[in-house]
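Just below is one structure, and these are the notes that go with it.
The values are calculated or read from the model by the stated rules, or taken from the named source; none is laboratory data. Everything numeric here is computed off the predicted structure, so don't read it as measured data. Cβ placement follows ideal geometry from the backbone for every residue including glycine, while neighbour counts extend to all protein chains displayed.
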Amino acid sequence: MPVPERVAKWVSQNYPRPVIDAEWLSDCCDWISSTYSISPSTHFHDFITHVEAQLLQSNLEDSTVSGTGLNAELVRIEERPLPRRPRGRGNKPSSRATRKPMGQSRQRQTTGSVPLLVEIRSITEIAHSAFSLLNTHQTRLDRADLGLAVETQDRQEQGQQDEDQGPIPRFPRGMLRFELSDGHTLFQAIEFRSIPELVLGETPLGFKVCF
């Protein structure tokens with residue numbers, strides 16, 4: 001069935017970029033109607049809650065229209081290397097090259113004023129050493145294995161577990177680097193300020209962020 005006008009309007013107002021694919025949204029509405037036996041005309045709030053949940057759980061490559069999210073040219077500009085400065089004799093920098101040539105400095109780019117929905121493809125901690133992260137990762141694996149073993153024992157044996165083992169530790173938190181996607185364009189991002197809701201080892205890949 002065609003997407004109900006009220007649903008289409010709500011989606012376009014709340015998630016304007018990238019544009020939600022009309023065919024995906026139509027199939028989504030059909031599935032919600034048949035699964036939950038509700039209609040947007042009589043149970044709009046419940047219906048739109050399910051629509052939003054399905055969108056945020058979807059792969060944006062399937063649910064959005066290519067070319068309607070992040071301007072791919074911004075990614076190409078960021079990845080483009082700056083021209084090398086000229087060098088004088090003897091491979092020493094020329095005194096005239098101490099000033100940046102006009103037009104070669106990077107200009108600040110933004111994603112625009114319209115909210116952009118993206119999904120997290122990867123998360124990396126860049127403020128701590130790989131050695132520290134690897135140690136924490138191994139400890140988390142060991143504690144998780146211990147927890148699985150404890151579940152197979154009776155309560156008395158569980159009470160005898162070594163308390164020094166402690167809970168599963170979190171990864172050290174400094175600054176996170178992300179690989180993000182609007183479903184069709186992949187780009188890198190780094191935290192400007194810490195975002196408490198995003199945690200390495202806990203935030204699932206595919207998690208949606210709107211900015």
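General remarks:
- Hits in the stretch 19-46 - residues which are within 21 Å of residue 69 (Cα to Cα), small (Gly, Ala, Ser) and surrounded by 15 or more Cβ atoms within 10 Å (Cβ to Cβ): 26
- Exactly one residue among 45, 50 is free of Cβ contacts under 8 Å to residues at least 12 places away in the same chain and either on the phi > 0 side of the Ramachandran plot or in a helix (DSSP H, G or I) (or both), and that residue is 45.
- Residue in the stretch 19-33 that is at pLDDT below 90 and of a type in the set (S, T, N, Q) present: no
- Residues satisfying the stated conditions in the stretch 25-67, i.e. in contact with a helix residue (DSSP H, G or I) (Cβ under 9 Å, 6 or more places away or on another chain) and under 21 Å from residue 121 (Cα atoms): 52, 54, 55, 58, 62, 63, 64, 65
- Listed by first and then second residue, the pairs linking a residue in the stretch 2-22 that is part of a helix (DSSP H, G or I) to a residue that is aliphatic (A, V, I, L, M), with Cβ atoms under 6 Å apart and 6 or more places separating them unless they lie on different chains, are 10/48; 11/20.
Yes or no, residue by residue, for (1) modelled with pLDDT under 75; (2) among the β-branched types (Val, Ile, Thr); (3) part of a helix (DSSP H, G or I):
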site	(1), (2), (3)
35	no, yes, yes
54	no, no, yes
62	no, no, yes
84	yes, no, no
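- Inside the stretch 40-57, residues that are over 11 Å from residue 25 (Cα atoms) and either touching a strand residue (DSSP E or B) at 6+ places or on another chain (Cβ under 9 Å) or of a type in the set (Lys, Arg) (or both) make up a count of 2.
- Output for the stretch 189-203, where each listed residue is exposed (fewer than 14 other Cβ atoms within 10 Å of the Cβ) and in contact (Cβ under 8 Å) with a residue 24 or more places away in the chain: 190, 199, 202
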